[in-house]
Structures are given as structure tokens and as C-alpha cells.
1. Checking the structure you have, find out if any residue of segment 122-143 is buried (at least 16 other Cβ atoms within 10 Å of the Cβ) and either part of a helix (DSSP H, G or I) or at pLDDT 90 or above (or both).
2. Is there a residue being assigned to a loop (DSSP other than H, G, I, E, B) and farther than 24 Å from residue 11 by Cα anywhere in segment 62-71?
3. Only one residue in 8, 39, 46 is closer than 25 Å to residue 104 by Cβ, surrounded by 12 or more Cβ atoms within 10 Å (Cβ to Cβ), in contact (Cβ under 8 Å) with a residue 60 or more places away in the chain and out of contact with any helix residue (DSSP H, G or I) (no Cβ under 9 Å at 6 or more places or on another chain), so which one is that?
4. Applying the selection to segment 118-154, what residues are over 13 Å from residue 18 (Cα atoms) and under 12 Å from the mean Cα position of the chain (by Cα)?
5. Only one residue in 10, 38, 51, 27 is outside any loop (DSSP other than H, G, I, E, B), touching a strand residue (DSSP E or B) at 6+ places or on another chain (Cβ under 9 Å), at pLDDT below 90 and within 16 Å of residue 120 (Cα to Cα), so which one is that?
């Protein structure tokens, strides 16, 4: 079986700092032609992006895809809501977790896999301030440990 090629376009590193990531799933994106071309140029970011379920469909909001530079007319809006492509059973699973358990839907990254634009959607719970401080402390301890291993040749 051949490996699929994956080209990362945008990454939401802040989401891993602000949320506990419980589960991840891959979804397709419904895009216009100029949006696909702008993504191929790397003109996207997910800083404040989030997803919501509306009428049995999942949409991502606040995802910024910059305008395509070589388009004469009919360029897309930068922050319009974009529909995500998921199976019905996946949407039903998301509805249950978001409504009953208090999870949020946060996009983690956008990439191209085999020529198709995909997004990684995470079921996440927000971190409190003390949780963020704890994760920063753990990360710093790991860095110190790695440095000491490197210095002592372990």
C-alpha cells in the first residue's frame, strides 16, 4: 500500500496550549477555486477558528484564507463560514459530545492529502489558567532534562 503525501498549509499551535485535546478526526473542506489556490500558496491561518454544528452539518468559522493574488474578479471572502465534509455517524457522535459533555470543536491544522484539502478537527475542553501554568512547567522540566542528557552524553 502506497503512502499518501501530506503537505501542511496551516497549523493551530495555540489550540494545543489553550485546550485539552481529547479526540481528533479528519474532515474535507468545501472550498471555492480561488480558496484552493490561495491555500496552495500558504495563505491561511487558524488563530481564532472554531467549528459549530448547524442543522446537522458542521461549519468552521473565523478561519482566514487570504485572497488569491492572481484572481481578476470573483475572489472569495477571507473569513466566510466553510462547510466540513464528515460522515453522518461522525456528525451524530460530535453532536452528542458537544451538547452533553461540553466539548468544543477546534481545527488543529489544514493540509493537502493526495491533492484534496483536509482539516484536522479536535474535540477539546478548555484549559483553566492553572492548567496552562502546569503544562508550561512540565514543558520546561522536559527541556532541562533533555539538556542535561545531552551534556552528559545519555
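1. Yes.
2. yes
3. It is 39.
4. Scanning segment 118-154 gives 118, 119, 120, 121.
5. 10
Let's see how each residue does on (1) over 22 Å from residue 116 (Cβ atoms); (2) surrounded by 16 or more Cβ atoms within 10 Å (Cβ to Cβ); (3) without any contact (Cβ under 8 Å) to a residue 60 or more places away in the chain:
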| site | (1), (2), (3) |
| --- | --- |
| 31 | no, yes, no |
| 55 | yes, no, yes |
| 69 | yes, no, yes |
| 73 | yes, no, yes |
| 78 | no, no, yes |
| 93 | yes, no, yes |
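The values are calculated or read from the model by the stated rules, or taken from the named source; none is laboratory data. Quick caveat, the model's predicted, so the values are computed rather than measured. Ideal geometry is used to build each Cβ from the backbone, glycine not excepted, and the neighbour counts take in all protein chains shown.
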